[in-house]
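Engineer: One structure coming up, written as structure tokens, with questions to follow.
The values are calculated or read from the model by the stated rules, or taken from the named source; none is laboratory data. It should be emphasised that the depicted structure is a prediction, and the values quoted were computed from it without experimental measurement. Cβ: placed from backbone, ideal geometry, glycine included. Neighbour counts: every protein chain shown. The area values use the complete protein model at the heavy-atom level, side chains included, leaving out ligands, DNA and RNA. Shrake-Rupley method; radii C 1.70, N 1.55, O 1.52, S 1.80 Å.
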Amino acid sequence: MLNEYTYCPRLCYMEWVQGEFAHSADTLDGRFQHKRVDRPAGDLPARERNGKSPGPDDEDAQPEKIHARSVMLSDEGLGAIARIDLVETEGNRATPVDYKRGTVPDIPGHVYDPERVQLCLQGLLLRANGYESAEGIIYYVGSKRRIHVGFDDSLVKQTLELLEAARKMADSGEIPPPLEDSPKCPRCSLVGICLPDEVSFLKGSRYVVRPDDVRRLMPARDDALPMYVVAQGALVGKSGDTLTVKVKGKAAAKARLLDVSSLSIFGNAQVTAQATRELLERGIPICHFTYGGWQKGVTWGMAHKNVELRMHQFRVAGDQSMSLAIAKEMVTAKLRNSRVMLRRNHPQPPATALEEIKRLTAMVETADSFGTLLGIEGAAARVYFAHFGGMIKAGISTFNFRTRNRRPPKDPVNAVLSFLYSILMRQAMVSAMAVGFDPYMGFYHQPRYGRPALALDLAEEFRPLIADSAALTLFNNAELKEKDFIRRARAVSLTQDGRKAVIRAFERRMDTLITHPLFQYSISYRRIMEVQARLLGRHLLGELKKYPGFTTR
Ligand code: SF4
């Protein structure tokens, strides 16, 4: 904790107060290289606090050299606890040794401040436990070199001051602001969670003033992707580090666990206990859908540790005026994005409809109740869907659209829209849970038994841009044919092949890179959805004055 605090107080708060953690290449490599030293071995001989050994004193005996690995030490006076990689003792003298991945840095003293301070705290803990500890050693695995660090008065003073400051910060319940324009951020494992430049920009920092001052410090796309299993009778298993899918006993697909961000199974498919356990351990959610695409639940490992965020989520959800303000941002964004869809995709953009949606968008600001807001959104949806069919190219697609209907959908276009909204909601749910929210407690969609209200909230502004857009692509490129639908009585649903085509179109859309309208960097829709969930979290925790809904131009 002291190491992180010295590196960046915000990092320390996120890791130790909010329980955030994310692996980076550095942390994974560090964990691998630490494997040996993390295994406890050898005992540290107990000493009395006055420095004497509790055993019989033999003045002629040579002090024995002892190496003890992975030693846990604490002291109430210091109010600190530490696991020390290695302690080398000789009689009453003890030297803590800290293992670091990588090579010796080319800086004065060859040790960074966070490591120096952490080592000194280990020395102070050894002193508090009865040893003399005048110096410590940093061992750089990459260089196979030991660098000695003396615990002089100024380092001890710095260590104790930082320890006190870290304790105060943890007690304050307030997350420290991001570092500004810092070279530390690109190497920080929590940069994608912290969003340092985005938060600074939205807070009006004097360092990040213009959109192009915002650095994109995370990859534009995710490395891991969702895996869907739509084949009926499929069995998902695990073989080593790979997820395997068998249909009727025959291998049908496989994917490295490293490349999977979530697993969605539709209808009659099963997941083995071994695969389930592995997915839970890796924090990969399993989303369960009915054959028709209704989400029935999510299997996830232990809940996210960010209790602080959930406490604020419930507090704000219970505050009508704060919830309404968030809901208004979400509805405004959704209406603006619907208007953009019509403007961009309609061969003859209907001027009166565009004007009407604009007028309704302006009315959102004046809504003083959820009822009024719902009324405005409903009116805008009627205008939008009255012209949705006009965006389907008559010469290419054999399908047409008159009005939005559902439960069950009565025509192919509505069947596709319903299915897309369902998988969009799954994505929103995964984003919400990854951030640490309770997906059932929303702000616009009011809580109701079994309804993932927050996931529905987060999906609102993306419905036109992702789901409706994917539907238009499918019909306007003639990617769906009549054979992809099942018509029974007055209900229409997708066949297995139809669902596969829709999922492919949805994933293509999620993977599309766009220029972020606020931050001006290139980023995929999938990442944007997660960024929106994180910005909502920053607002609930009081860092941002308002939730910035996502709108495109
Ligand atoms: S990204 Fe930068 S500001 Fe954020 S926690 Fe890491 S070092 Fe601190």
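Engineer: For the chain, take the longest principal axis of its alpha carbons; what is the angle in degrees between that and the long axis of helix 25-34, to the nearest 10 within 0 to 90?
Structural biologist: The angle comes out near 40 degrees.
Engineer: Put +1 on the Cβ of every Lys and Arg and -1 on every Asp and Glu Cβ in region 225-299; which of S239, P226, L280 then has its Cα farthest towards the positive end of the dipole?
Structural biologist: Towards the positive end, the residue furthest out is S239.
Engineer: Are there any chymotrypsin sites (Phe, Trp or Tyr not before Pro) in region 412-483 that are in a DSSP loop and have at most 16 other Cβ atoms within 10 Å? List them by number. Before the final figure, lay out each step's value.
Structural biologist: Values: sites: F419, Y421, F437, Y440, F443, Y444, Y449, F462, F475; in loops: F437, Y440, F443, Y444, Y449, F462.
Filter output for region 412-483: Y449.
Engineer: For region 440-553, with every protein chain kept in place, what is the accessible area per residue (1.4 Å probe, Å²)? All intermediate terms of the calculation are to be shown ahead of the outcome.
Structural biologist: On the way: 4380 Å² over 114 residues.
I get 38 Å² per residue for region 440-553.
Engineer: For K203, which lysines qualify as cross-link partners when the Cα separation must be under 23 Å and same-chain residues fewer than eight apart are set aside?
Structural biologist: Cross-link targets: K184, K328, K545, K546.
Engineer: Another one. Plugging the Kirkwood radius over Cα pairs into Stokes-Einstein for the chain, at a temperature of 10 °C and a viscosity of 1.306 mPa s, what D comes out in µm²/s?
Structural biologist: Values: Rh = 26.8 Å.
After rounding, the answer is 59 µm²/s.
Engineer: Mean 1/r over all different Cα pairs, inverted: what Kirkwood radius does region 443-486 give, in Å?
Structural biologist: Working: mean 1/r = 0.0792 Å⁻¹.
When all Cα pairs of region 443-486 are included, the Kirkwood radius is 12.6 Å.
Engineer: Using amide H atoms built 1.01 Å from N in the peptide plane, name the residues 5+ places from Y291, or on other chains, whose amide H lies under 5 Å from its own.
Structural biologist: For Y291, whose amide H was placed from the backbone, the distant partners under 5 Å are G267.
Engineer: Further question on the same structure: Determine the shape class of region 225-299: with a ≥ b ≥ c the square roots of the Cα gyration tensor eigenvalues, call it rounded for a/c under 1.5, and otherwise prolate if a/b is greater than b/c, oblate otherwise. Intermediate values should be presented prior to the final figure.
Structural biologist: Working: a/c = 1.74, a/b = 1.14, b/c = 1.53.
The shape class here is oblate.
Engineer: Using helices alone, what [θ] at 222 nm do you get for the chain, with -39,500 (n - 2.57) per DSSP H run of 4 or more residues, divided over all residues and rounded to the nearest 500? Before the final figure, lay out each step's value.
Structural biologist: Values: 17 runs with 221 residues, N = 553.
When only DSSP H runs of four or more count, the value is -12500 deg cm²/dmol.
Engineer: Could you give the angle, 0 to 90 degrees to the nearest 10, between helix 370-386's Cα long axis and the longest principal axis of the Cα atoms of the chain?
Structural biologist: 60 degrees
Engineer: Let me know the charge dipole size of the chain about its Cα centre in debye, to the nearest 20, where only the beta-carbon of Lys, Arg (+1) and Asp, Glu (-1) is charged.
Structural biologist: Details: 78 positive and 64 negative charges, 806 e Å.
About 3880 debye.
Engineer: For the chain, which whole percent of the accessible surface, found with a 1.4 angstrom probe, sits on carbon and sulfur atoms?
Structural biologist: Details: 13880 of 26850 Å².
Using a 1.4 Å probe with all protein chains present, the chain comes out at 52 percent carbon and sulfur.
Engineer: Angle between the Cα long axis of helix 525-540 and the longest principal axis of the chain, 0 to 90 degrees, nearest 10?
Structural biologist: For 525-540 against the chain, the angle is about 70 degrees.
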